[in-house]
1. Could you calculate the contour length gain from PHE118 to ASP229, that is, 0.36 nm times the residue separation minus the distance between their Cα atoms, to one decimal place in nm?
2. Report the calculated FRET efficiency for ASP151 and GLN106 (r = Cβ-Cβ distance, R0 = 22 Å), to the nearest 0.05.
3. Explain nothing, just compute: Karplus ³J(HN,Hα) = 6.51 cos²θ - 1.76 cosθ + 1.60, θ = phi - 60°, for every residue of segment 137-142 in order, whole Hz, x for Gly and Pro.
4. Would you mind telling me the share, in percent, of accessible area of segment 96-220 contributed by carbon and sulfur at probe 1.4 angstrom?
5. Please work out the average accessible area per residue across segment 109-205, using the 1.4 Å probe convention, and give it in Å².
6. Arrange the peptides 28-40, 191-203 so that the one whose residues have, on average, the most other Cβ atoms within 10 Å appears first.
7. Work out, in µm²/s and without decimals, the Stokes-Einstein translational diffusion coefficient of segment 232-368 at 37 °C, 0.692 mPa s, Rh from Kirkwood over C-alpha pairs.
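The values are calculated or read from the model by the stated rules, or taken from the named source; none is laboratory data. The shown structure was predicted, so the numbers you read here are calculated from the model rather than taken from an experiment. Because the Cβ atoms are built from the backbone with ideal geometry, glycine has one as well, and the counts that use them run over all protein chains shown. Accessible surface is based on the protein model in full, side chains and every heavy atom, while ligands, DNA and RNA are left aside. Shrake-Rupley method; radii C 1.70, N 1.55, O 1.52, S 1.80 Å.
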Amino acid sequence: MPLVLVGCTAESDEGDPEEDVAAEVTVRVAEHEPVLVSRTYTGRTRGSRQVELRARVGGILHSRAYTEGALVQAGNALFQIDATRYEVRAQRAEAEVERAAAEVRQAEREWERVSELFDDDAISGRERDEALSVLELAQAGLALAEADLADTLIDLEYTTVEAPVDGVAGLEEYPEGSLIDAGTLLTTLTQLEPMHVRFSLPESHMSQFGSQIRSRASFRVALTLPNGDEYPELGDIDFTDAAVDPATGTVQVRAVFPNPNRVLMPGQFVRITLSGLHLGWGIRVPHRAVVEGASGPLVYVLDEDDRPQGRRVLLGHDLGDEVLLSQGVSDGDRIVISGVAALEEGVAVIPQEEERDAIESPQVLGVLPPADVDVYPEGRNGEDQSEEGQSEEDD
């Protein structure tokens with residue numbers, strides 16, 4: 001028995017636990033940084049131009065010179081209206097011009113004779129004035145005949161219906177042989193290059209991002225197709241309405257996208273993502289760095305001896321993977337962002353500073369309201385905090 005006890009004692013001495021090893025944690029040095037966010041909205045595509053092609057003169061629709069659904073160029077002949085009656089009118093108007101021109105020539109010759117006789121005191125001034133009036137009336141008749149001819153030639157030109165813009169021609173409204181009147185809709189032209197997308201921004205978003213959107217600077221406009229694929233071309237905001245729709249509380253906005261391959265079609269529901277919208281300035285931490293304490297949310301900040309101390313914070317805007325800290329921390333504080341669950345307040349740790357990549361815009365899908373709290377009231381513009389603000393934060 002003594003031998004066994006000795007042996008047990010020796011084994012127990014060899015198994016004495018070693019001293020506890022300090023835990024390794026990852027820390028982020030708090031600093032003000034610009035907070036960029038993305039917002040996604042639902043929109044509908046529209047052709048940049050949608051033109052109703054109507055007849056300007058009446059008559060029998062003689063022929064259609066395009067393929068329905070095909071791309072046509074501005075100036076291409078699309079329809080031909082029977083021009084016979086307009087050709088006859090043009091011939092009659094030309095004859096009227098020739099007759100009026102002959103009357104002018106006759107009146108000019110008469111005026112020359114009367115002027116010579118008047119100079120020789122052979123006729124009275126009244127007869128001279130009558131000859132001058134005849135000449136002026138003949139000249140006015142010629143001008144009227146020329147105007148009638150020009151009007152008739154315009155109608156004759158309108159018998160050929162041309163495409164006013166480049167675009168895709170729709171279905172014909174009337175077949176060949178139909179009797180149509182002036183103003184009758186023949187077809188519709190839709191311009192697909194570029195393509196417009198109309199969408200609405202909540203009034204609160206316009207209050208926060210309106211100046212940046214109107215300036216069209218420093219943000220990215222992307223489009224997601226109905227099948228979920230990202231459209232390869234980036235767009236631009238070219239119109240923002242100046243008024244809020246009282247029925248919906250939104251502002252109408254339009255984006256324009258290149259559409260060289262006609263991938264986009266009018267009437268599609270798509271998603272528009274605005275990336276790089278400037279929300280303000282603030283301190284960002286991952287959600288895992290924030291724990292719920294007895295008195296509210298807190299983060300752990302390391303002191304000079306690398307001992308974590310709980311710090312109450314006020315949470316600001318949710319950025320998806322990260323969250324803004326509106327109050328409770330200052331520039332230079334080392335915030336523990338990993339290993340928080342195993343921390344003991346006041347127990348020294350081994351800090352490893354986080355290696356951060358370049359700041360990117362958080363991808364937040366869906367229409368979300370802006371932050372109700374100023375993201376960093378004491379340092380929105382990157383300036384040093386005032387003494388008053390610092391003292392309140394320390395309290």
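1. Gain on extension, PHE118 to ASP229, equals 30.8 nm.
2. E between ASP151 and GLN106, to the nearest 0.05, is 0.30.
3. 5, 5, 5, 5, x, 5
4. Ligands and nucleic acids excluded, carbon and sulfur reach 49 percent.
5. 57
6. Details: 28-40: 18.6, 191-203: 20.2.
Highest mean packing first, the order is 191-203, 28-40.
7. The Stokes-Einstein estimate is 174 µm²/s.
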